[in-house]
1. Taking +1 at the Cβ of each Lys and Arg and -1 at the Cβ of each Asp and Glu, which of Leu151, Trp113, Ile170 sits farthest along the dipole of the stretch 10-217 towards its positive end, judged by Cα position relative to the Cα centre?
2. Could you compute the FRET efficiency for Ile69 and Phe92, with r as their C-beta to C-beta distance and R0 at 41 Å, rounded to 0.05?
3. Contact order normalised by length for the stretch 1-83, with contacts defined as Cα pairs under 8 Å and 6 or more residues apart; what percent is it?
4. Using the alpha-carbon atoms, what tilt in degrees (0 to 90, nearest 10) does helix 146-174 show relative to the longest principal axis of the chain?
5. What distance in nm separates the simple spin-label points at Ala190 and Ser37, each placed 7 Å from Cα in the Cβ direction?
6. Could you tell me the distance between the Cα centroids of the stretch 35-63 and the stretch 115-143, to the nearest Å?
7. If the limit is 32 Å between Cα atoms, which of Lys17/Lys145; Lys17/Lys177; Lys16/Lys195; Lys16/Lys145 go over it?
8. Counting other beta carbons within 10 Å of each residue's own, what order do Met197, Met162 fall into, fewest first?
Amino acid sequence: MRAYKHKESNTIRFMKKNFKIFFLGFLIVAFAVSLISTPFPEQTILQHFATIIFFGIMLWDIFKNYFSISGYLGIGIFTLLHVIGARWIYSFVPYDYAIESVTGISINDLFGWQRNQYDRFVHFMFGVLFFPVLVDIIRKNFNLKPFITGLLAFLFIQWFSMIYELFEWILTLTISKEDAENFNGQQGDAWDPHKDMALAMVGSAFYWLIIVIRNWGKGR
């Protein structure tokens, strides 16, 4: 199949590259700040293994201009969410305290949540944020109709989500029970992997629906 090609002017390429450099620099600073007086130093290396991979992809893209701004933002925003989660090993991210300090409203009390929901939120955002990333990859390599491109992106997100949950399961067999619990963030929920995958599916479906509605509004 023919690869997707889209020509950009030198000015647009220059602006995109500068934006990507600035955004990556911001993320690196945020990452460095997150390491200051980290409350779980023994988990730092394990938690930030993915962070280094994401930084490597973003740095590579600065030179290759492979991803669109939407795709680059998807990777970058997800990396930022992960950096925040990694600092507090997800299970202890003080989102409720932060929101209550600003609004006076406790999200946990409002919805009756008994567990820290930050990891659930990140799995949902994985489905949202990596949809444009996969669309970029598919468009770069195949000349497919928009619906097929969206369907493949949706299915790949479910596949990646499943692979990650299998990785977490394998991890429990190779490290201590305490370290596995801290990394996986199950918080005693036996159905945690299933719920995480379901939220990734809902997130990707949500983003896909937005694209469909937007294109329908343009008459495409």
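1. Among Leu151, Trp113, Ile170, the one farthest towards the positive end of the dipole of the stretch 10-217 is Leu151.
2. 0.80
3. In percent, rounded to a whole number, it is 46.
4. Approximately 30 degrees, to the nearest 10.
5. My value for the distance between the label points is 4.1 nm.
6. 18 Å
7. Beyond 32 Å: Lys17/Lys177; Lys16/Lys195.
8. Lowest count first: Met162, Met197.
Rule-based calculations on the coordinates, nothing more; no lab input. Note that the structure is predicted; figures quoted are calculated from it, not measured. Cβ: placed from backbone, ideal geometry, glycine included. Neighbour counts: every protein chain shown.
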